[in-house]
Protein chains: 2
Amino acid sequence: MKVKVGVSARHVHLTKEDVNILFGKNYILTKKADLSQFGQYACNEQITLIGAKNTIKNVRVLGPERNQTQVEISKTDSYKLGINPPVRNSGDLDNAALITIVGPCGQITKKAAIIAARHLHVNKQEQIKYGLINKKNVSIKVNNEKGGILNNVSIRVDDNYSYEVHLDTDDANAFLIKNGDEVEIIIED
Amino acid sequence: MKVKVGVSARHVHLTKEDVNILFGKNYILTKKADLSQFGQYACNEQITLIGAKNTIKNVRVLGPERNQTQVEISKTDSYKLGINPPVRNSGDLDNAALITIVGPCGQITKKAAIIAARHLHVNKQEQIKYGLINKKNVSIKVNNEKGGILNNVSIRVDDNYSYEVHLDTDDANAFLIKNGDEVEIIIED
């Protein structure tokens, strides 16, 4: 059972309200490129992240707007910024780390920073084909010089999803995985 | 079978000749702190690395001098620098990536950059206790939210070694491992 990898670089999702604060009133995010998941896109807009210790510039905004602002970074980024975000599924900001987001027109500071949990996007077709269960975990196996197994990859089933595993840049770089590489899925007991 | 982790940040080992070029004729490296492996130390001296695309400043020099200059970086660093170093055991610079090292008095450009292979330092006592074989591979198991298994951890036996597994910052950050954490060793078939 193979799946393609989408490597997620650091990025932010914004509410309509936060777009207005960061980019100006009634500002509309502009699409730079479609992403592999249906309806999701990288925007031309970028922001700056500020943590307790340091700053990271040129962080991509993803569209469309969501109902809560969410900053997804790697553990490596978190050391640079000087914050300690929890590992969370997208949408779960419980105990998310405080972070400042700076745009050309304003800035916001909120508990919005997480390290995205490893996850596998599955549509109904692949779910039936492979017997995958929504919200259960699988593992990913990588065969190369720095190979191994990545546990706790959360299954997310939705009709609109493209079959793809999402890993952050720390996981990808530790295992020498590039965007689009194929990896093996292992069902956990 | 447990072992402590030493997380290796990017660093360089220098020959006496290259110390002279980078820091000046007859320059002697100065110790900042002992490292866990006998006789090895972090120096006060730092250098700048320059790749095809970018620069990384404040890279630590490790002492004492060696018989070849070796630059150890992570895959994440290699993307920033714009070079493509191979995964190698320390001392093996076969097809190492071209890199420029800049010191206060001069600079050198040579094929010296590698991504250090995961490795387990073992002394004779631990070797006998656990039945570990020099140059064979073991795996490391990590139990946490971003846990899993790291394969291809090369065993290195020497009487002077302290029992410790060395991982680079990509591996450590992907698995939320900190310097000094304990992980489990798994013998590979």
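Could you tell me which residue out of B:ILE187, A:ILE149, A:LEU167 lies farthest along the dipole of the protein assembly as shown toward its positive end? Charges go on the beta carbon: Lys and Arg +1, Asp and Glu -1, centred on the Cα centre. Highest projection toward the positive end goes to A:LEU167.
Give me the dipole magnitude in Debye, nearest 20, for the protein assembly as shown about the Cα centre, with unit charges on the beta carbon: positive for Lys and Arg, negative for Asp and Glu. Could you put the intermediate results ahead of the total?
Working: 50 positive and 44 negative charges, 155 e Å.
So the dipole magnitude of the protein assembly as shown works out to roughly 740 debye.
Would you mind classifying the stretch A:52-127 by shape? Square roots of the alpha carbon gyration tensor eigenvalues, ordered a ≥ b ≥ c; an a/c under 1.5 is rounded, otherwise it is prolate if a/b is larger than b/c and oblate if not. Prolate. A point 7 Å from Cα along Cα→Cβ stands in for B:TYR41, and the other copies hold the same point at 5.9 nm, listed in rising order. The overall shape of the stretch B:104-179, judged from the alpha-carbon gyration tensor, is oblate: a/c is not under 1.5, and a/b is no greater than b/c. Among the aspartates and glutamates, select those whose C-alpha is under 12 Å from the C-alpha of A:LYS32, and discard any that sit fewer than 8 residues away in the same chain. Those aspartates and glutamates meeting the cut-off are A:GLU45. Using the Karplus relation 6.51 cos²θ - 1.76 cosθ + 1.60 with θ = phi - 60°, the per-residue 3J(HN,Hα) values for the stretch A:73-89 come to 10, 8, 4, 4, 4, 5, 5, 4, 6, x, 10, 10, x, x, 7, 9, 5 Hz, with x marking Gly and Pro. For the stretch B:118-178 and the stretch A:129-189, compute the distance between their C-alpha centroids and round to whole Å. About 24 Å separates the Cα centre of the stretch B:118-178 from the one of the stretch A:129-189. All Cα-Cα distances of chain B, cut into 10 Å bins from zero to the largest, leave 9, 35, 35, 17, 3, 0 percent in each bin in turn.
Let me know the shape class of the protein assembly as shown, please: from the alpha-carbon gyration tensor, a ≥ b ≥ c as square roots of the eigenvalues, rounded when a/c is under 1.5, otherwise prolate if a/b is greater than b/c, or oblate.
On the way: a/c = 2.21, a/b = 1.38, b/c = 1.60.
Oblate.
Comparing B:ILE115, B:ILE21, B:ILE99 in a Gaussian network model of chain B where C-alpha atoms under 10 Å apart are linked, the largest mean-square fluctuation is found at B:ILE21. Listed by chain and number, the aspartates and glutamates placed with their C-alpha closer than 15 angstrom to that of B:LYS129 are B:ASP158, B:ASP159, B:GLU164; residues fewer than eight positions away on the same chain are left out. Pairs exceeding a 30 Å alpha-carbon distance, out of A:LYS75/B:LYS4; A:LYS53/B:LYS25; B:LYS110/B:LYS135: A:LYS53/B:LYS25. The phi-based Karplus calculation (6.51 cos²θ - 1.76 cosθ + 1.60; θ = phi - 60°) puts the 3J(HN,Hα) values of the stretch B:90-107 at 3, x, 9, 9, 4, 6, 4, 7, 5, 8, 9, 10, 10, x, x, 10, x, 9 Hz, whole numbers, x for Gly and Pro.
Computed from backbone phi with θ = phi - 60° and the Karplus coefficients 6.51, -1.76 and 1.60, the 3J(HN,Hα) list for the stretch B:28-37 is 10, 4, 10, 6, 9, 6, 5, 9, 5, 7 Hz; x is used for glycine and proline.
Where a number appears in this text, it was derived from the coordinates with a stated rule and is not lab data. The structure displayed is predicted, hence computed values, not measured ones. Here Cβ is always computed from backbone atoms with ideal geometry, including for glycine, and neighbour counts include all displayed protein chains.
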